[in-house]
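Enquirer: My structure is below; once you've seen it, I'll send some questions.
The values are calculated or read from the model by the stated rules, or taken from the named source; none is laboratory data. Fair warning: this is a prediction, and the values are worked out from it, not measured in the lab. In this analysis, Cβ positions are derived from the backbone assuming ideal geometry, glycine residues included, and neighbour counts consider all displayed protein chains. Note: accessible area is taken over every heavy atom of the protein model, side chains too, but ligands, DNA and RNA are not part of it. Shrake-Rupley method; radii C 1.70, N 1.55, O 1.52, S 1.80 Å.
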Amino acid sequence: MKHLKATTFLIAAALAAPLAAQQEGGRLDIVVQPEPPGLMLGLVQNGPTQLVAGDIYEGLLRYDTELQPMPGLAESWEISDDGLTYTFKLHEGVKWHDGEDFTADDVVFSASTFLPETHARLRASLAYVDSVTAPDPLTVVFKLKEPFGPFISVFEAATMPMIPQHIYEGTDFATNEANNTPIGTGPFQFEEWVKGSYIHLVKNEDYYIDGLPYLDEVYYRVIPDAASRAVAFETGEVDVLPGGSVENWDIKRLSEMEGVCSTTEGWEFFAPLAWMWLNNREGPTSDVRFRQAVMYAMDREFMRDVVWNGFGKVPTGPVSSKTNFYSDEVTIYDYDPEKAEALLEEMGYDGEPVRILPLPYGETWQRWAEAVRQNLSEVGIEVEIDSADVAGWNEKTSQWDYDMAFTYLYQYGDPALGVSRNYTADRIEKGSPWNNVEGYENPELDEKWFAAATMADTEAREQAYAEIQKEIVDDVPVAWMLELEFPTLYRCNVKDLVTTGIGVNDGPRNAWIEE
Amino acid sequence: MSFWTRFRTNIGAMVGVVLLIAVIAIAVFAPLIFANDPWQMVQRPFLPPFSREDLLLGTDTLGRDVAAQLAYGARVSLLVGLVSTLVALLIGVPLGALAGFYGGLVDEGAMRFTEFFQTIPNFALAIVLVAIFEPTLSSITLAIAIVSWPPVARLVRAEVMSVRKREFVDAAMLAGLTKRRILVRQVLPNTLSPIIVMASLMVATAILLESSLSFLGLGDPNAMSWGYMIGAARTVIRSAWWLSFFPGVAIIITVLALNLIGEGLNDALNPHLSRRKGRA
């Protein structure tokens, strides 16, 4: 762990060192889609909020595209050899946007008072925390009850945003008026929000790193229609289209325009993985041979090329290749219809029809379901496509009323944070579409998941997760479809926009515009 | 002049008949003309039309044969159009006939019920119904029938009211026929021609409604239809015009054919009307 820290510190230092060429000033227009419900990152964590509020709020650490931690509000950190004590040294001279000093007390307040109440995803990780203390104004110590491997990955801005104690202490967090005028420590501060039109952020003149940020202001533009967003980018009205803000078919056309650059980086922390829930409880999908047949019957490469215009990577199992502890030493399901037919025959599949529920997120997902139906029908599986709007999809998946259902989820850098939740039996709970919806039960593997999460030693974890992946891939609890890639399109004269594992979310911090 | 002679001389109507027969033939013989299932991915996607002999109209976003999709789409459009019109007639004709023939409270009740449906915009009601039932071919057909029967009921009522005042109805009464027999045997047959004309136009409207629903993503996801094709092609309209163009043309041709036929029927069945029009 000490090694890791030293190298990453070097990388981070290299990234942070200002080069002579960087130019100050200018304005960046970024599309935000859909309009966020709020900007208070401690209360709301959905995608659009993270995109905008990632400039306003900060976490103790930032993560590069290899998911290694870099200094954020903490300039250095240390992990004890037993993996139980995390000590952070905070940056000196950090101020909130309203001029108050940012101190270790704010960290203690955020991690032990505010966020446990409001942030469901972080709460699961904070359960491992015994105490958070501030021995002096620039030092914070997290003591854990038992080692928790992924703990170093929970300090990202949206995962553990720093909340100003002087504004929120003793108030009702959800109704505090300050939620409308968010106060953070970030490189940009909130200026104005014209609902349905734009969110305007301006440069934080007192930012604690000299010279940053380079930009004067950032506008997040709300444009509800996908085609209009594409046009706004073409005409130069906006400079940046973050991943997922235009239809797949448009990305190719727009990225071929002159002066337009694109990158698929900046999503490593989220590593969205798409799969189909296969109902393990009943119907043909409860037979492991049927589930394996589904994997062999699908030409996932073809679907990637045609439905996703070549963006993405066919996954080997439950862990994305971008997430830590990924292993490809597993059974590989290549396109092999004959093998699928043989498996179906062996199980004595009687032609019972199965339903596929697409994700109601637009044409791409509908086409995807049609392609799957076609592949499956070619090996003799009778398929009907179900339809539902977003609310209906939520209802059907969380009440387990489906045979096969598309979904995709973020992995947050570590299997213990974003993968095991979909496969261990303790996460089988009706009412949520994000947990172990397929109903996969394997007590032996459960033990291994739990053990792997609480190992202090990185190498031991690596081995444990490799074992888990090898086993679970043979069981096919769900049909892993694609590691999604959401290319970010931007004008080529915008430099250093995507430098971290969360991409545009904290991109404007280092971005600058070449005249 | 007989009905057929009058109809035959109407050029527009004959064009309509030819077009409609062509569409029906394509729909019926689709499996013989096209070896490919309309959902089957046969070639690379976005193949422009006329670039390959076996794929005349090109391929869609998933590499499926557009021509085959059109042919199979004709089946869905015609089926939904015909069945929903039949169902609408089955609801509208008896209701209108009863209201017009018996009058009084029956009439009041039936007409208030009809108005209740007429006050809600057709398309909005159809959307709500399909959304509640979940989109399948039968729920879409039923929804279209439910929003299109009220005009039928009102038309039949008016016709029956005027026919029942005629002398031959009085004569039938005097001859001792039961009221029900008079309504079914004497009155209704005399109201047939406007109903036929209206039905032909209703098929056209139903096809449009089905296409609009599919366009909005409320079509049966397991049935290939023209509206579905256009809806799916909407996002790529700038790079692949043919995906929305051909099904659009198909809809225009079919709806136009039905309207021409309806017009022709109207003229042929009401010679007075058409002669008047001819003189003016």
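Enquirer: Rg (Å, one decimal) plus Dmax (Å, integer) for the alpha carbons of chain A?
Expert: Just the Cα atoms of chain A yield Rg and Dmax of 23.4, 71 Å.
Enquirer: Starting from the Cα of B:Ala22, step 7 Å along the direction of its Cβ; do the same at B:Thr9; then give the gap between the two resulting points in nm.
Expert: Result: 2.7 nm between the two label points.
Enquirer: Calculate the dipole size of chain B relative to its Cα centre from +1 charges on Lys and Arg beta carbons and -1 charges on Asp and Glu beta carbons; express the result in debye to the nearest 20.
Expert: On the way: 22 positive and 16 negative charges, 206 e Å.
That gives a dipole near 980 debye.
Enquirer: Ok, one more. Going by a 1.4 Å probe on protein heavy atoms, which residues of the stretch B:60-79 end up with at least 20 Å² less accessible surface in the whole assembly than in their chain alone?
Expert: Residues of the stretch B:60-79 that lose at least 20 Å² of accessible area once the other chains are added: B:Thr61, B:Leu62.
Enquirer: Could I ask something else about it? Based on DSSP H runs of at least 4 residues, each adding -39500 (n - 2.57), what is the mean residue ellipticity at 222 nm of chain B after dividing by all its residues, to the nearest 500 deg cm²/dmol?
Expert: -24000 deg cm²/dmol
Enquirer: Arranged from highest to lowest average of other beta-carbon atoms within 10 Å per residue, in what order do the peptides A:163-173, A:37-47 appear?
Expert: Descending packing order for the listed peptides: A:37-47, A:163-173.
Enquirer: Same structure, new question: What average number of partner chain Cβ atoms lie no more than 10 Å from the Cβ of the residues making up B:227-236?
Expert: Counting other chains' Cβ atoms within 10 Å and averaging over B:227-236 gives 3.
Enquirer: OK, next. Pairing the Cα long axis of helix A:288-297 with the longest principal axis of chain A, what angle in degrees results, from 0 to 90 and rounded to the nearest 10?
Expert: Tilt of helix A:288-297: around 80 degrees.
Enquirer: Pick out, from A:Leu115, A:Ala297, B:Leu188, the residue whose Cα sits farthest towards the positive end of the charge dipole of the protein assembly as shown, with +1 on the Cβ of Lys and Arg and -1 on the Cβ of Asp and Glu.
Expert: Among A:Leu115, A:Ala297, B:Leu188, the one farthest towards the positive end of the dipole of the protein assembly as shown is B:Leu188.
Enquirer: Now a separate question. What's the extension gain from A:Asn493 to A:Asp206 if we count 0.36 nm per residue and subtract their Cα-Cα distance?
Expert: Working: separation 287, 0.36 × 287 = 103.32 nm, distance 2.60 nm.
My answer for the length gained is 100.7 nm.
Enquirer: Something else about it: Among A:Val383, A:Trp365, A:Val478, whose Cα sits farthest toward the positive end of the charge dipole of the stretch A:273-483 (+1 at Cβ of Lys/Arg, -1 at Cβ of Asp/Glu, about the Cα centre)?
Expert: Of A:Val383, A:Trp365, A:Val478, it is A:Trp365.
Enquirer: Only protein chains counted, 1.4 angstrom probe. Which residues of the stretch A:333-363 are at least 50 Å² less accessible in the assembly than when their chain is isolated?
Expert: A:Glu363
Enquirer: Could you derive backbone 3J(HN,Hα) for the stretch A:413-423 from the dihedral phi with the Karplus parameters 6.51, -1.76 and 1.60 (θ = phi - 60°), listing whole Hz in sequence and x where the residue is Gly or Pro?
Expert: x, 9, x, 6, 8, x, 10, 4, 4, 9, 10
Enquirer: Report the FRET efficiency, 1/(1 + (r/R0)^6), for A:Glu301 and A:Asn46, where r is their Cβ-Cβ distance and R0 is 41 Å, rounded to 0.05.
Expert: In this case the efficiency is close to 0.85.
Enquirer: With solvent modelled as a 1.4 Å probe, how much accessible area in total do chains A and B shield from it at their shared surface, in Å² to the nearest 100?
Expert: Using a 1.4 Å probe, the pair buries roughly 1800 Å².
Enquirer: Ordered by packing density, taken as the mean number of other Cβ atoms within 10 Å over each peptide's residues, highest first, how do A:141-152, B:208-219, A:440-451 rank?
Expert: Per-residue Cβ counts within 10 Å, averaged per peptide and sorted highest first, yield B:208-219, A:141-152, A:440-451.
Enquirer: Classify the stretch A:410-515 as rounded, prolate or oblate from the Cα gyration tensor: take a ≥ b ≥ c as the square roots of its eigenvalues, call it rounded if a/c is under 1.5, otherwise prolate when a/b beats b/c and oblate if not.
Expert: prolate
Enquirer: I'd like to verify something in chain B: which complete DSSP H helices, judged by Cα projection on the helix axis, reach 24 Å or more and average at least -1.0 on the Kyte-Doolittle scale? Walk me through the numbers on the way to the answer.
Expert: Working: long enough: B:11-33 (32 Å, 2.88); B:66-102 (53 Å, 1.70); B:137-164 (39 Å, 1.07); B:192-215 (34 Å, 1.80); B:242-269 (40 Å, 1.46).
Passing helices, by number: B:11-33, B:66-102, B:137-164, B:192-215, B:242-269.
Enquirer: Given a Förster radius of 41 Å and the C-beta distance between A:Asp401 and A:Ala120 as r, what FRET efficiency does 1/(1 + (r/R0)^6) yield to the nearest 0.05?
Expert: It comes out at approximately 0.95.
Enquirer: Quick one: accessible area per residue over the protein assembly as shown, 1.4 Å probe, rounded to a whole number of Å²?
Expert: Numbers: 33580 Å² over 795 residues.
Dividing the accessible area of the protein assembly as shown by its residue count gives 42 Å².
Enquirer: Separate question: What value, in deg cm²/dmol to 500, does the helix sum -39500 (n - 2.57) over DSSP H runs of n ≥ 4 give at 222 nm once divided by the residues of chain A?
Expert: -8000 deg cm²/dmol
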